[in-house]
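> Below is the structure I would like to discuss, written out as structure tokens.
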Amino acid sequence: MSTSQTPVQYVPAKPAKSIKLVDESQAKTNLLGMTQAQLAEYFKSIGEKAFRSTQVIRWIYQQGVTDFEQMTNLSKSLRDKLSANACVIPPKVIHRQYSDDGTRKWVFEVTGGSLVETVLIPADDSKLNGRKTLCISSQVGCALDCSFCSTGKQGFERDLTAAEILGQLWVANASYMTDENDSLDNVDHSLWANNVTNVVMMGMGEPLLNYRPVVSSMELMLSDHAYGLSKRRVTLSTSGVVPKMYELAKELDVALAISLHAPNDELRNELVPINKKYPLEQLMAAARNYVFDVNPRHKKHVTIEYVMLDGVNDSNEHAEQLVTLLGDLPSKINLIPFNPFPHADYDKSSNNRIHAFSNILIDAGFVCTIRQTRGDDIDAACGQLVGRVADRTRRSAAWQQSIKDRENS
């Protein structure tokens with residue numbers, strides 16, 4: 001697609017039709033996760049001016065304040081009204097672990113008792129203000145059932161709300177304001193800062209299958225009134241929900257990552273079953289549309305995620321096929337050593353094999369990195385810890401039974 005066409009005007013994502021996210025325990029409206037447009041509608045619905053939305057957003061995300069009584073630029077009558085009818089409540093932390101290498105991990109209990117997890121990975125834990133990347137979940141479990149993924153074996157329960165998505169970021173920031181053993185109730189707001197510098201939507205679930213809450217959450221991540229993160233520091237990862245990739249290109253400017261993992265349709269059908277519905281030709285066309293969008297605000301490259309599976313997708317031939325597949329698509333390729341989980345059918349490629357694969361891509365002119373394994377001591381790979389904390393799905397039970405049958409045969 002030519003990039004010389006007349007630029008089109010950027011149109012922000014439309015607010016969701018329903019703006020109320022109810023905290024069931026208190027029957028109050030949870031303001032966490034509402035976009036500025038949604039909050040403005042809420043304030044109008046309670047007889048207040050829409051500009052109050054900007055004030056409250058800044059208190060929640062820039063100051064870390066959840067108690068309306070501490071929002072001192074609001075009138076006393078408004079603070080009382082909000083205290084009686086609204087709340088700011090992130091999902092409940094039921095398990096957390098801090099790794100020796102600086103990685104932090106949380107398991108959250110969301111409405112209905114389901115569990116999701118979030119991982120915070122610092123680039124260098126010796127630097128307090130260094131890069132800190134938060135991997136956020138968008139769904140409880142995942143419906144895509146990729147054959148190498150621990151989360152996929154646990155099945156799919158439901159989508160997360162915007163409050164449950166944004167709450168993961170709120171808790172991660174708050175964790176730097178408390179002692180490791182303290183409750184988040186003891187956050188020192190005078191120390192509050194946006195310590196998370198990068199967000200990747202690549203935790204549990206497929207973000208584009210929970211489209212509107214994910215887009216609303218990313219709007220707040222980018223908003224100068226909320227987290228104010230750079231659009232290059234917010235990344236959405238998809239396994240290839242092609243129609244939503246086109247929709248995202250029209251609505252929001254964030255970095256895009258594609259969970260590819262195979263360079264041909266036959267192998268990708270096996271590893272990433274959604275490929276049967278949206279094969280590689282369609283996926284690559286959607287990726288090129290995202291990069292070469294006629295809107296000049298858009299995108300420099302996509303990140304290609306490729307998990308390295310011993311003897312499955314890691315040969316020199318596979319690397320050469322990947323070079324051909326990507327062609328002129330501006331790409332940064334991230335090779336991911338497989339992180340085994342109990343009863344997985346795959347092994348991790350050797351370091352020598354990963355580097356040989358990488359060299360072929362580099363020689364072809366691609367930027368290629370090998371992901372550093374972090375948080376091994378706290379099961380920081382997606383889905384590992386929550387899979388042990390609770391097993392709630394029929395698919396997981398069926399998978400476990402199939403393992404027993406295989407072992408007994």
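> Any idea which of Asn173, Asn85 is within 16 Å of Leu32 (Cβ to Cβ) and surrounded by fewer than 17 Cβ atoms within 10 Å (Cβ to Cβ)?
Being within 16 Å of Leu32 (Cβ to Cβ) and surrounded by fewer than 17 Cβ atoms within 10 Å (Cβ to Cβ) holds for just one of Asn173, Asn85, which is Asn85.
> Separate question: Is there a residue being modelled with pLDDT of 90 or more, under 28 Å from Asp100 (Cα atoms) and either out of contact with any Ser or Thr (no Cβ under 9 Å at 6 or more places or on another chain) or not assigned by TED's automatic domain parsing to the domain that holds Tyr98 (or both) anywhere in segment 362-373?
Looking for residues that are modelled with pLDDT of 90 or more, under 28 Å from Asp100 (Cα atoms) and either out of contact with any Ser or Thr (no Cβ under 9 Å at 6 or more places or on another chain) or not assigned by TED's automatic domain parsing to the domain that holds Tyr98 (or both), one finds none in segment 362-373, hence no.
> Among the residues of segment 322-336, are any under 23 Å from Val116 (Cα atoms), in contact with a Lys or Arg (Cβ under 9 Å, 6 or more places away or on another chain) and at pLDDT 85 or above?
The answer is yes, given that some residue of segment 322-336 is under 23 Å from Val116 (Cα atoms), in contact with a Lys or Arg (Cβ under 9 Å, 6 or more places away or on another chain) and at pLDDT 85 or above.
> Checking Leu256 against (1) free of Cβ contacts under 8 Å to residues at least 12 places away in the same chain; (2) buried (at least 17 other Cβ atoms within 10 Å of the Cβ), only one condition comes out false. Which one?
Here Leu256 clears every test but (1).
> Just give me the residues in segment 138-178 being outside any helix (DSSP H, G or I) and over 20 Å from Ala344 (Cβ atoms), in sequence order.
Passing the criteria: Ser138, Gln139, Val140, Glu157, Arg158, Asp159, Leu160, Thr161, Thr178.
> State all residues of segment 333-352 that are surrounded by fewer than 16 Cβ atoms within 10 Å (Cβ to Cβ) and in contact (Cβ under 8 Å) with a residue 24 or more places away in the chain; if no residue qualifies, say none. Even if it seems obvious, please write down each step before you answer.
Residues of segment 333-352 that are surrounded by fewer than 16 Cβ atoms within 10 Å (Cβ to Cβ), as a first pass: 340, 342-343, 345, 347, 350-352.
Selection gives His343, Asp345, Asp347, Ser350.
> While we're here: Just one of Arg232, Arg268 is at pLDDT below 95 and farther than 20 Å from Gln168 by Cβ; which is it?
Matching residue, one of Arg232, Arg268: Arg232.
> Based on this model, can you work out whether Ala319 counts as more than 23 Å from the chain's Cα centre (by Cα), surrounded by 21 or more Cβ atoms within 10 Å (Cβ to Cβ), under 18 Å from Val367 (Cβ atoms) and among the aliphatic types (A, V, I, L, M)?
Yes, satisfied.
> Right, another one. Let me confirm something: among Tyr278, Tyr306, Tyr246, which residue is buried (at least 23 other Cβ atoms within 10 Å of the Cβ), within 26 Å of Cys149 (Cβ to Cβ) and aromatic (Phe, Trp, Tyr)?
The match here is Tyr306.
> Follow-up. For Leu222, are the conditions met, namely being over 17 Å from Leu325 (Cβ atoms), of a type in the set (A, V, I, L, M, F, W, C) and surrounded by fewer than 20 Cβ atoms within 10 Å (Cβ to Cβ)? Step through it out loud before you land on a result.
Values: over 17 Å from Leu325 (Cβ atoms): yes; of a type in the set (A, V, I, L, M, F, W, C): yes; surrounded by fewer than 20 Cβ atoms within 10 Å (Cβ to Cβ): yes.
Yes.
> Then there is this: If you check every pair at least six apart or on different chains, which have Cβ atoms under 9 Å apart with a residue in segment 148-169 that is free of Cβ contacts under 8 Å to residues at least 24 places away in the same chain first and a residue that is among the β-branched types (Val, Ile, Thr) and surrounded by fewer than 24 Cβ atoms within 10 Å (Cβ to Cβ) second?
none
The values are calculated or read from the model by the stated rules, or taken from the named source; none is laboratory data. Computed from a prediction, not measured in an experiment: that's the story for all the values here. Glycine gets a Cβ as well: all are built from the backbone with ideal geometry, and neighbour counts include every protein chain shown.
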